[in-house]
Each structure stands twice: as C-alpha cells, then as structure tokens.
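Peer 1: Structure in structure tokens, see below.
What follows draws every value from the coordinates through simple rules; no lab data is involved. Just so it is clear, the model here is predicted, and its values are computed rather than measured. Please note: Cβ atoms are built from the backbone with ideal geometry, for glycine as well, and neighbour counts cover all protein chains shown.
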Amino acid sequence: MSPDYPFDDAATARAVIDERGRVVEWNGGAERLLGLPAADVVGRPAENLLVGDGAGAAFAPAGARWDGTVTLRHRDGRAVSVWLLAHHRPSDDGTPGHWLVVTPLEGGGPRSADDPLATAALVQSPCAVAVYDERLRLSHLNDAMAEVIGLPEERIRGLRLSEIGGKPQSAELERHLLRVLTSGRAEDVQTYMRTGGESLAHAWLARMAPVTDREGRVRGVCLAAHDFTENYLARERLQLVNEASVRIGTTLDVTRTAQELADVCVPALADFVSIDLLDPRENGDPLPPVTAPIVLRRAAHQSVNPGTPEAVAKPGQVEMYPASSPQADSLVAGRTIVATVASGQLDEWLNWNKARGDAVRQFGIHSTMSVPIQARGLTLGVAVLTRFRRPDPFTPDDVLLAEEVTARAAVCIDNARRFSRERETALALQRSLLPRSLPRTAAVAAASRYLPAARAGVGGDWFDVIPLSGMRVAMVVGDVVGHGIQASATMGRLRTAVRTLADIDLAPDELLTHLDDLVVRLSAEAGAEGSPGEVGATCVYAVYDPVSRRCTLARAGHPAPMLIPPGGAPEQLDLPSGPPLGVGGLPFESAELELREGSVLAFYTDGLVESPERDIDAGHALLSQSLAVFSDSLDETCDRVLHALLPAGGSTDDVALLLARTRGLPASQVATWHIPADPALVAPIRKQVVDQLGTWEMSEASFTAELVVSELVTNAIRYGAHPIRLRLIHDATTLICEVSDTSHTAPHLRRAKTWDEGGRGLLLVAQLTQRWGSRHTTDGKTIWAEIELVDEE
C-alpha cells in the first residue's frame with residue numbers, strides 16, 4: 001500500500017460473473033478464500049463453486065443488488081459458508097451485463113478496547129455530539145461539542161442543557177430532549193443561535209435520538225448538532241429575493257414602492273433602512289451626473305423599533321448630503337459602500353450632522369451599507385441599511401443580496417415614475433378638455449365630479465352643460481372606451497363635436513346620429529394608422545326647456561340617468577337603449593318627459609356603479625340609496641355619492657358624475673304674440689314690445705329690442721310662412737327675442753354692397769345682440785337673438 005493508493009485488494013474476495021453465469025474475473029482475495037487460482041476458475045460456470053442442488057439460482061437474482069449466505073466448495077473439498085454481496089452492472093449496449101460478487105476477508109471481528117477507531121465515533125467525530133442521561137444531565141460530549149459550547153467536558157458534566165446554554169433556544173432544545181426521552185422517538189430541530197464558544201450566530205440542525213440498553217430501555221438521549229449555516233443563509237437569501245419580487249412593486253406609486261423596499265429589508269437584512277430619492281425633472285429629462293453635495297428627498301424608512309425613532313428625516317423631507325456622507329459617497333461612486341463606526345469611516349459625517357451622531361450613539365449603530373438605486377442607466381436614489389441590534393457587520397454576501405433586492409426595486413420605482421409622469425400628462429390633458437366650471441343658467445343648477453382611475457390611468461369620461469337658445473340647456477355625459485392619452489384626445493374631439501352640434505340646436509336623437517358618424521370615421525382613421533383597437537364610446541344627451549319644463553333625452557349605450565323628484569324616491573329613467581357610438585347604421589330614439597321644478601337629474605358613467613366587488617345591479621341599488629338622502633347642496637351630494645360607491649383605494653375605472661336641479665321659468669317672464677302676415681303691423685308690434693319691457697322694468701333695453709324685433713318680424717313676414725309667432729323671454733341678465741314661422745328656409749348673414757337695397761338687417765342684429773342664431777323645429781324654424789341686460793364684470 002501507498003499513501004496515494006491505500007486500498008488492499010487482497011482483503012476482499014471479489015469475482016465478476018457475466019450474463020451466462022461464467023466467471024470472468026477472479027482476484028487474489030477470492031483465491032485466498034477458496035484456494036483456487038484464477039486459471040482454474042475464469043471462463044467456467046460459477047455454479048461449479050457452489051455446494052448443493054439448485055445452487056446456480058443464487059447467481060441469477062432479481063433486482064440491482066442481492067445479499068445472502070451461500071456454501072462454497074474449497075479446493076481441498078471442504079465446504080465454506082460465506083456471506084455474499086452482489087451488485088448488478090448493466091452494460092451500455094443494452095445487454096444483460098455483469099454481476100460483481102464480493103465478501104470481506106478482514107475487519108469483521110471484534111475490536112480491542114484500546115483500538116483508537118473504537119472511540120473515534122464519539123470523541124473525534126467532526127459532528128458535535130453530546131450524550132445526556134436519564135435525568136437529562138450531560139454524561140459525555142466530544143471535542144467538537146466542547147468547542148461549540150466553549151467549555152471543557154469536566155466543567156459542565158452533570159449540567160442540563162438549559163443550564164449550559166442559558167438561552168431561550170437552549171430551554172426549547174431541552175424540551176425536545178424530554179420528548180425523545182419519554183417517547184423513545186427521534187426528533188430533528190433547527191435553530192439559529194450563538195453559543196458560548198462562537199463569536200457569530202450559526203444555524204444548527206440538532207438530531208436527537210434515544211440511547212437504549214440491551215433490553216431496549218431508554219437510558220438517555222444522544223444529541224448530534226450539524227452546522228449548516230451556509231445552506232441556511234443561502235436559503236434565507238433566496239427567500240428574501242423571492243419575497244422582494246412578490247412584495248415590491250405591487251402598485252405604480254413611487255412612495256409605496258420605496259416603502260415596500262424598506263419593509264422587505266427589515267429585519268431580514270438590517271435593523272433600520274432609509275430610502276432617499278432624487279427629485280425628477282419636471283419635463284422628464286434625465287438627471288445630470290451626480291456630484292456632492294446631493295439633495296435627496298426621504299421617500300420611506302423602516303425600523304425594528306416601533307415608530308422608527310432612529311430616523312432623523314421625515315418622509316417627504318428634503319435634505320442635503322455632503323461628500324463625507326454614505327449617501328453622497330455611494331451615489332458619486334456608483335457602487336455599494338460598507339462602513340463601520342469603529343473604523344472611523346463615518347466620523348466626518350457624524351461630526352457634520354450632530355443629530356445623526358446622537359442617534360448613532362443612542363442606538364448603538366455600528367455598521368452602514370449604502371446601495372445606489374439605479375435602473376435603465378439612471379440613478380434614482382440611495383438605500384442606506386443600518387445595523388445596531390444585530391452585532392455582526394455586513395458581509396460580502398449581504399452586499400450581493402442588498403444589491404439584488406435594490407435592483408428589483410429600482411426597476412419598479414422607475415416604472416412608477418414613468419407611469420406617474422404619463423398619468424400626470426394624460427390627467428392634465430383630460431382636465432384641460434373638461435369644463436373648468438359649469439355655466440350658470442336659468443334652466444338648471446349643476447354640480448359635477450371627475451375622478452381618474454386609481455391604476456389604469458385617466459380615460460375618456462366627460463361631461464358638459466351647454467346653454468342653448470330660448471333659456472334651454474343641454475346636458476351630456478359620455479365615456480370613451482380605453483384609457484390614457486389616446487382616450488383623452490378622443491374625448492376632447494367628441495366633446496367639441498357635441499358642442500358644435502348643440503349650437504345648431506339638433507334634437508338629441510339627431511345629435512347622437514351625427515356623433516355616431518364621427519366615431520365611425522375616427523375608428524376608420526385609427527385602423528388606417530395601425531392603432532390598436534377601434535374607437536368606441538357611449539353617451540347620454542338631454543335638453544331641458546325651463547319654459548315648458550319638458551326634458552328630451554336620448555342615449556347611445558350609456559347608463560340611463562336617475563331622476564329624483566322633489567320629495568320623491570330616486571328612480572332610473574326608462575329610456576330607449578340606443579347602440580354605442582361607433583356601431584353605425586342603427587337609429588337612436590329620444591324620450592320626452594315633464595319635470596317638476598326642483599327635480600334632480602343624475603348623469604354618470606359606468607365606473608361609478610360597476611366594480612369587481614359587486615355586480616351592476618347592486619351598484620345601481622347603492623346609487624339609489626345614496627341619492628335618496630338628498631341635500632340642498634349638490635356639491636355635498638356629489639361627494640356623498642362618490643364616498644358611498646367608490647372604494648377607499650379608488651375606482652378601477654374613471655368616473656364622471658353630473659347632478660342638475662331643474663328650474664322653471666314663470667309665465668310672467670314670457671310674452672307671446674301671434675303676428676298676421678301684414679308688414680303694416682310691425683309698428684304696433686314694436687309698440688307692444690316696448691310696453692312689455694316697461695312692465696318688466698327693462699326700458700333700458702327697449703331701443704335694441706325694437707330694432708331686433710322689427711328686423712326679425714319683417715324678415716318672417718317677407719320670407720317666412722304663416723303662422724308667425726313672436727316670443728320674449730327674460731331672466732335677470734338676458735332678454736331673448738324669438739320669431740318662429742313654418743318655413744324651413746334659414747337666414748344667412750352677409751355683407752351688403754354699397755348699391756344693395758337690403759341685406760343689412762341681420763348684420764345689424766349681430767352687432768346689437770350678444771349672440772343670435774336659428775334652430776329648426778318639427779313645423780318650421782325659429783330665429784332668435786339674445787340681448788344682454790347687465791354688463792359682465
């Protein structure tokens with residue numbers, strides 16, 4: 001034997017038998033066992049070596065391994081009883097393969113009392129072993145266990161485990177020893193602790209097994225401790241990385257993401273963590289290269305102590321960090337920096353910032369690790385991890401782990417910032433396209449609310465209140481399919497189209513037909529440009545006349561409004577359900593109803609009533625309940641409705657709500673004349689108008705009203721068709737003159753030439769009035785003009 005090859009082949013009898021049962025190998029140990037040289041055995045059937053009938057079956061066992069006792073024939077003719085162990089070796093080419101048959105020739109006898117190998121199992125085992133007696137007092141331990149405990153055996157023999165360790169973990173282990181002693185069943189226990197003989201905590205796997213005598217009675221417990229710290233820490237690091245991937249980035253909110261990063265690192269990696277971020281530029285441009293001093297904003301922090309008393313800065317607070325600070329040094333260097341208080345690396349920083357120096361001394365902070373938060377080539381901020389409760393400093397493995405977790409969080413923070421910037425842009429566009437305030441009209445008092453979606457971003461919900469001629473008012477609420485800037489832009493185009501169509505006084509069903517054509521064209525343009533999806537929208541449009549107190553409504557795939565009559569219960573209006581805008585080719589129907597003065601119409605988008613937590617019927621029922629408790633303030637009612645129907649975290653879809661309380665115009669503020677088709681009667685009509693204005697105490701508007709009435713009535717008599725009607729309507733600020741006839745020919749404003757005898761009347765009307773126009777009715781047309789009674793301030 002040599003140190004390079006310590007094996008003794010002659011100490012084992014070994015033979016190899018092929019698939020036909022013939023011996024193909026025969027070593028010196030086999031020759032010693034049976035006295036037969038290899039030349040007399042190799043190539044011959046193995047069954048010739050066996051004694052007894054059917055002995056050949058012993059060399060055709062089933063399975064991959066076989067063991068048993070057989071009787072072999074020695075060269076001198078005597079029988080030798082031998083225990084054999086056979087291993088099957090399959091061949092690579094698919095043939096049955098060989099059997100390796102072995103039996104030991106040495107080492108099977110009893111050992112002497114002074115054999116060093118007899119006691120090596122306990123004393124020299126690299127595994128820490130201790131044996132406790134029936135009273136669970138230490139009986140024996142080996143050198144490895146004595147080193148772990150930090151005390152020799154003769155000093156602690158007779159003590160209990162809890163007395164030796166003196167820690168809560170020691171008492172817990174002793175309870176497991178007691179269970180093993182009483183039950184006779186082995187147990188495995190894992191623990192992470194620092195023993196008296198260690199400077200750092202280690203992870204231990206304690207295997208406890210009963211010690212029995214020859215009669216099987218339990219006489220004690222053997223404890224074998226295996227140090228698996230490396231595996232334990234690797235598993236902990238992997239678990240932390242996995243936890244970070246699940247817990248960080250649950251929302252697209254920068255502050256929430258920063259807080260999730262801090263929460264993941266405490267206490268798994270540090271005792272206190274602060275997250276400081278650079279403020280992004282308003283226009284979204286990348287930040288310039290980082291140089292000290294650096295201004296950072298505290299985004300989040302977390303501590304093992306309740307209330308984070310170690311924190312010097314509050315969330316949202318801005319602080320400047322000089323070149324000596326861990327934050328600035330790490331960001332300027334672009335890498336992780338580990339520093340300890342004992343080394344003096346933090347002295348300059350702590351002396352410069354007295355508050356932090358006091359916190360370091362108060363809490364016993366001894367180590368810091370500054371990790372830059374970087375994503376997509378951008379520096380976003382820095383995470384500073386601090387230890388004071390854990391006595392061990394940061395290790396290179398801790399650095400790798402912190403960098404891995406921070407890198408994942410950095411991508412989430414960058415995503416949140418990009419989303420926030422896009423959301424703010426879309427929200428700014430959305431709000432610029434929505435009315436900044438609702439107009440004051442004599443027809444309705446209105447209040448509105450718009451809330452963007454909490455996560456999906458702004459969408460295409462819109463609302464509007466549009467003053468019409470004759471003191472009437474149009475109310476519209478719509479919802480464009482989708483979210484983001486594209487939906488907001490489409491919403492702006494539809495809102496502009498609705499206002500344009502409303503100015504020409506189209507009936508609700510006719511207006512929706514024109515709007516449907518527009519959405520079809522927009523969808524075709526989007527498809528031609530390769531934009532994903534089609535343009536679609538829903539809408540409800542209503543026109544209310546305070547003189548007749550009648551309201552005409554039509555809808556295109558939109559939820560029907562709710563009506564709250566004075567002193568009555570809310571009810572959803574039964575309106576014809578038209579197709580959504582963009583379907584094309586299908587008609588829209590309108591419905592007309594009479595409203596009592598003080599009735600409230602509630603227009604809304606589906607984001608108010610639809611929710612993942614409830615179905616749409618439950619949403620309508622909840623809306624009805626919230627509107628049933630109505631107050632005089634429409635704004636308070638809007639807030640109460642949103643609070644009742646929307647979750648605390650915000651809606652999954654954007655929401656538009658419009659409440660309008662109807663007003664009625666008293667008959668005393670309306671005057672009507674039926675005019676015969678005789679131009680000679682224009683002068684008496686002017687006189688009656690002046691008298692009526694005197695009755696209304698509006699004589700200051702008589703001159704303008706006379707001119708307007710004279711021109712409109714004369715045009716109706718000359719170019720219109722009988723019957724002709726003149727109507728005056730007024731409120732506190734406006735006087736409206738309306739002339740209606742049964743002709744569908746609309747007048748056109750033109751500039752008269754020098755030699756023209758006419759053509760200057762409508763131009764004069766346009767100059768004297770606030771605005772004028774015409775609207776078509778089912779039986780003709782109406783020309784109207786508004787005269788302002790009070791100058792706008």
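Peer 1: Counting C-alpha atoms alone, how compact is segment 667-788: give Rg to one decimal and Dmax as a whole number, in angstrom.
Peer 2: Both quantities, over Cα of segment 667-788: 13.8, 45 Å.
Peer 1: With the cut-off at 21 Å, report for segment 123-227 the share of all Cα pairs above it, as a whole percent. Can you show the working numbers first?
Peer 2: Numbers: 1425 of 5460 pairs.
That tail contains 26 percent of the Cα-Cα pairs.
Peer 1: Here's something else I'd like to know. Using +1 on the beta carbon of Lys and Arg, -1 on that of Asp and Glu, and nothing else charged, what's the dipole of segment 667-788 about the Cα centre, debye to 20?
Peer 2: 440
Peer 1: Near the amide H of Gly381, under 5 Å away, which other amide H atoms are found, from residues 5 or more places off or on another chain, if H is placed in the peptide plane?
Peer 2: Here the answer is Leu278, Ile373, since their amide H atoms fall under 5 Å of that of Gly381.
Peer 1: Where nothing but the Cβ of Lys and Arg (+1) and of Asp and Glu (-1) is charged, how large is the charge dipole of the chain around its Cα centre, in debye to the nearest 20?
Peer 2: Dipole magnitude for the chain comes out near 620 debye.
Peer 1: Enter the angle in degrees (range 0 to 90, nearest 10) between the Cα long axis of helix 634-645 and the first principal axis of the Cα atoms of the chain, meaning the one along which they spread out most.
Peer 2: Approximately 30 degrees, to the nearest 10.
Peer 1: Given the convex hull over the Cα atoms of segment 534-631, what projected area results after averaging over all orientations, in nm²?
Peer 2: Taking a quarter of the hull surface, the average projection is 7.5 nm².
Peer 1: If you count, for each residue, the other Cβ atoms within 10 Å and average over each peptide, how do 237-244, 432-439 line up from highest to lowest? Each step should come with its number before you reach the end.
Peer 2: Details: 237-244: 15.0, 432-439: 12.9.
Going by the mean number of other Cβ atoms within 10 Å, highest first, we get 237-244, 432-439.
Peer 1: Angle check, please: helix 508-528 long axis (alpha carbons) against the longest principal axis of the chain (alpha carbons), in degrees 0 to 90, nearest 10.
Peer 2: 40
Peer 1: Pull out the extension gain between Thr340 and Thr652, defined as 0.36 nm times the separation in residues minus the alpha carbon to alpha carbon distance; nm, one decimal.
Peer 2: On the way: separation 312, 0.36 × 312 = 112.32 nm, distance 4.75 nm.
Contour length minus the Cα-Cα distance gives 107.6 nm.
Peer 1: Moving on to the next point. Determine ³J(HN,Hα), in whole Hz, for all residues of segment 354-363 in sequence, where each value follows from phi through the Karplus function 6.51 cos²θ - 1.76 cosθ + 1.60 and θ = phi - 60°; x replaces Gly and Pro.
Peer 2: Whole-Hz 3J(HN,Hα) from phi for segment 354-363: 4, 4, 6, x, 5, 5, 4, 6, 5, 9.
Peer 1: Using θ = phi - 60° and the Karplus relation 6.51 cos²θ - 1.76 cosθ + 1.60, list the HN-Hα couplings for segment 244-257 in order, rounded to whole Hz, with x at every Gly or Pro.
Peer 2: Per residue, the Karplus-derived 3J(HN,Hα) values read 5, 5, 8, 8, 8, x, 6, 9, 9, 10, 4, 5, 5, 5 Hz.
Peer 1: Please report the projected area of segment 480-521's Cα convex hull averaged over all directions, in nm².
Peer 2: 2.9
Peer 1: Based on Cα positions only, what radius of gyration and what Dmax would you give for segment 368-499, in angstroms?
Peer 2: In order Rg, Dmax, the Cα atoms of segment 368-499 give 24.5, 83 Å.
Peer 1: What's the ranking of 255-268, 497-510 by average number of surrounding C-beta atoms within 10 Å, highest first?
Peer 2: Sorting 255-268, 497-510 by mean packing, highest first, produces 255-268, 497-510.
Peer 1: Specify the angular offset, from 0 to 90 degrees and rounded to the nearest 10, of the alpha carbon long axis of helix 168-183 from the longest principal axis of the alpha carbons in the chain.
Peer 2: For helix 168-183, the angle is close to 60 degrees.
Peer 1: Quote to one decimal, in nm, the extra length available between Ala445 and Arg20 on full extension: 0.36 nm per residue of separation minus the C-alpha distance between them.
Peer 2: 142.4 nm
Peer 1: Along its principal axes, what span do the Cα atoms of segment 233-422 show, with the longest given first and each in whole Å?
Peer 2: Largest first, segment 233-422 extends 46, 39, 30 Å along its Cα principal axes.
Peer 1: Another one. Using the per-residue mean of other Cβ atoms lying within 10 Å as a proxy for protection, in what order, highest first, do the peptides 26-35, 654-663, 693-702, 511-520 fall?
Peer 2: Per-residue Cβ counts within 10 Å, averaged per peptide and sorted highest first, yield 654-663, 511-520, 26-35, 693-702.
Peer 1: Summing -39500 (n - 2.57) over the DSSP H runs of n ≥ 4 in the chain and dividing by its residue number, what mean residue ellipticity at 222 nm do you reach, to the nearest 500 deg cm²/dmol?
Peer 2: -9500 deg cm²/dmol
Peer 1: For the chain, what relative contact order do you get, as a whole percent, if you take Cα pairs closer than 8 Å and at least 6 residues apart?
Peer 2: 6
Peer 1: Would segment 435-662 count as rounded, prolate or oblate if I go by the C-alpha gyration tensor, calling it rounded below 1.5 in a/c and otherwise prolate when a/b exceeds b/c, oblate otherwise? Could the numbers behind the result be given before it?
Peer 2: Details: a/c = 1.73, a/b = 1.15, b/c = 1.50.
Oblate.
Peer 1: Another question, then. What does the charge add up to near Ala618, with Lys and Arg as +1, Asp and Glu as -1, over the other residues with Cβ less than 15 Å from its Cβ?
Peer 2: Net local charge, Ala618 excluded: -4.
Peer 1: Of Ala244, Gln302, Leu223, which is farthest on the positive side of the dipole of segment 209-315, counting Cα position, with +1 on Lys and Arg Cβ, -1 on Asp and Glu Cβ, and the Cα centre as origin?
Peer 2: Final value for the positive-end residue is Leu223.
Peer 1: Okay, which of segment 239-258 sit inside 17 Å, backbone N to the point 7 Å along the Cα-Cβ direction of Phe419?
Peer 2: Zone members listed by number: 245-258.
Peer 1: Let me ask something additional. Once amide H atoms are placed 1.01 Å from N in the peptide plane, what residues at a sequence separation of 5 or more from His140, or on another chain, have their amide H within under 5 Å of its amide H?
Peer 2: HN-HN under 5 Å from His140: Val131.
Peer 1: Let me ask another. Kirkwood-based Rg over Rh for segment 196-336 (C-alpha set), two decimals?
Peer 2: Ratio of gyration radius to Kirkwood radius for segment 196-336: 1.22.
Peer 1: Further question: To one decimal place, what orientation-averaged projected area in nm² is obtained for the convex hull of the Cα set of segment 273-332?
Peer 2: With the hull built on Cα positions only, its mean projection is 4.5 nm².
Peer 1: Please list the non-local residues whose amide H lies under 5 Å from the amide H of Gly484, H modeled 1.01 Å from N, same-chain partners needing a gap of 5 or more.
Peer 2: Long-range HN contacts for Gly484: Val458, Gly459.
Peer 1: Shifting gears a bit: Give the Debye-formula value of log10 I(q)/I(0) at each listed q (0.05, 0.07, 0.08 Å⁻¹), with one equal scatterer per alpha carbon of the chain, two decimals each.
Peer 2: -0.59, -0.83, -0.92
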